[in-house]
Structures are given as C-alpha cells and as structure tokens.
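Just below is one structure, and these are the notes that go with it.
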C-alpha cells in the first residue's frame, strides 16, 4: 500500500534541459571542499547520545565511542571522494520509514516517507555542508516535495553549474544525487505592513513556483499554509 502511494516520487517526467531562461545569477562558488582530520573528529563527537541504529547496524553512540580510532580512516575515505568527484556507493544505502504526521492513522495520506541514512553518510554530508555554507548561505536551491527524487537531477546539476559550482565538486554532487532521496520543507516569508508587501510576496511566490516547475520540482500546494 505504501509503495503504491509513494511511487510517484520516482519521477519519469521529461524536463526541458535548457536553463538559459531561468535568469540564474553567477556566484564565486567553490570547486572543491577541504577539511581536516580534526574536522572529522569534531563531527564524530556530535554523535554522542544518538542511539538510532541505521540499516548498517551501527548506532551513533557506537561510532562516537570509536571516534579517536576511525577519524583518520574516514578522512582518507572522504577527501579522495571529493577530489575524484565520486560519492562512495556504500554510503548511498538507506532504509525507509513511514512516519505518521497527524489525524487518522488508517489514512495513508497522513504519512510521510523518510529515508534513514547511515550515520557516516550524514557525517560526510555535514562536513560538505559546513564547508560550502558560507558561500551559499543566501542561495536557495531546493524546495519541498515528497522526495528529492522528483527533481530532474541532470537539470539541477546544470543549475548548480550555472550558479558557479565547478569540478570536481560538481561531479561529486552528481554522484551524490544518483540514487539518493531527501525530504525537506521550506518557508518563504516577509513582513507585511502594506498592500504592496502582500503583492510583492505573492509575486515572489509566483516566481518561485514557476522556477520550480521549470526545473522539475513539485510544490505540494495542498500543504502550503498562511501563517
């Protein structure tokens, strides 16, 4: 039942691959990411108290206890992965959980699909995010749908390239996106003090939805709310 309902997250829709009409701004964005063994150790330290056991059979607490032993080995795995533009395939595996959100538990529309990744996979992603966040802090590149699979990954990579990312990091993004799924929510807001503010916000929403449509994102309008 769950498989039938959530199968639409695997999108086969053909999307126009031309991003020239999206008015994408070019930024001075990184071509690679660099971090130290100490950075890996510090991220491993954040697993203290994480008892979740992922599909690899390893809990966050167990990995935390081994942090002094495995930090250097993970560094030797992670940094070449970035330099070669290839995300380790073993870290792409994840289990799927169906989380009840609210109301009637017998109604399948009240559930949300959540991929549970390996703790080490999340650790690697955290290192990348922390490294590039200062460069992309003001750039919004993703929006909510049932799963990140609904976006055309080839088109998304073109958007990232047009925005300023280069190889080998761009190739790493492509490898990372292959057979990956992410669930997320986003908010677009502004302070309303006049009728013009309302109009400007609506125009921004319209532009955003149009942009999402162009690159294959699916915005679930039934779950949009006015706060």
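The selection criterion, being surrounded by 12 or more Cβ atoms within 10 Å (Cβ to Cβ) and modelled with pLDDT of 70 or more, does not hold for residue 147. What pairs can you find where one residue is in the stretch 31-49 and on the phi < 0 side of the Ramachandran plot and in contact (Cβ under 8 Å) with a residue 40 or more places away in the chain, the other is surrounded by fewer than 16 Cβ atoms within 10 Å (Cβ to Cβ) and outside any loop (DSSP other than H, G, I, E, B), and their Cβ atoms are less than 6 Å apart, with a gap of 6+ or different chains? So the pair list comes out as 43/126.
Looking only at residues in the stretch 116-144 that are surrounded by fewer than 16 Cβ atoms within 10 Å (Cβ to Cβ) and modelled with pLDDT under 75, the one that is farthest from the chain's Cα centre (by Cα) is 138. When 33, 61 are checked against the criterion of being part of a helix (DSSP H, G or I), at pLDDT 80 or above and within 26 Å of residue 81 (Cβ to Cβ), 61 stands alone in meeting it. Residue 101 passes every criterion in (1) under 28 Å from residue 169 (Cβ atoms); (2) in contact with a helix residue (DSSP H, G or I) (Cβ under 7 Å, 6 or more places away or on another chain); (3) surrounded by fewer than 14 Cβ atoms within 10 Å (Cβ to Cβ) apart from (1). Taking residue 21, is it outside any loop (DSSP other than H, G, I, E, B) and either modelled with pLDDT under 95 or surrounded by fewer than 16 Cβ atoms within 10 Å (Cβ to Cβ) (or both)? When the stated conditions are applied, residue 21 passes them.
Of the residues making up the stretch 181-196, at least one is within 16 Å of the chain's Cα centre (by Cα), surrounded by fewer than 16 Cβ atoms within 10 Å (Cβ to Cβ), under 22 Å from residue 25 (Cα atoms) and at pLDDT below 75.
The values are calculated or read from the model by the stated rules, or taken from the named source; none is laboratory data. Keep in mind that this is a model prediction, so the values were computed, not measured. A quick note on method: Cβ atoms are made from the backbone with ideal geometry, for glycine too, and the neighbour counts reach across all protein chains shown.
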